[in-house]
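The values are calculated or read from the model by the stated rules, or taken from the named source; none is laboratory data. From a predicted model like this one, the values you see are computed outputs, not experimental measurements. Heads up, the Cβs are rebuilt from the backbone with ideal geometry, glycines too, and the neighbour counts pull from every protein chain shown.
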Amino acid sequence: MLELLPADVLDNPMIFAVAKGNPGAVSAPKFSKDPFVKSVIKHAEPLVAAGFGIYESIDKKTDVLFNTAVVDAGDLQEADQQGRLAELAPSFDTVKTAGAPGAAAVPAATDTAPSAPMTPESQPAPSVQNKLATQRTKNLMPTSPTGGPAPGAGQILNSILKQPI
C-alpha cells in the first residue's frame, strides 16, 4: 500500500518507521513548521487509505500519526485522557533527533543501497552468514503441491506463504 503514497510522503523516513511499528505512533504540534509534518497533514487521506491512522488530541493542539496494525486509536485516546500521550506517541522532533529505530536504516523510495557501509562489527559471524545463506537457498526451492506451509493448496500459494529469511 505504501507505493500508493505521494513521493513527498515517501521521502519521510518516519513514514517507514511508523509503518514498521517502530515507533508505532509519532506526535507533532498541530501547526508544526516541519516540512515532513506538513506533508503528512497534506496527504492525510492517502495515508489513512494505506493503513495509517491520525488522532487529534483532546486539547486539539497535537496530531498523532499511528500504525493501525500496531496501535489502537482507543489506546491513544485513553493515554491522552491520562496525560500520557507522549509515552505512547513520542514527539516527531524527539524521534527524528534521536534517530528513530529503523528510520535511518530505511532507504528512500528509489534508493536500494544501505545508508551506511557495513563495518566488521555490524556484520554477523561467518557461521551465521553461512546458515542464513543455506536457509535462503532452501527457501527458494519449490515445494511439491502437497508439501509446504499449506499442503494441497498448490505451489503458488505455498511460495506466497513461505516465511522470508
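Find the helices (runs of 4 or more DSSP H) located wholly in the stretch 48-165 whose residues include 1 or more that are closer than 23 Å to Lys38 by Cα and at pLDDT below 75, and list them. The qualifying helices (runs of 4 or more DSSP H) are 92-98. Of all residues in the stretch 15-32, those that are in a helix (DSSP H, G or I) and crowded, with 23+ Cβ neighbours inside 10 Å total 3.
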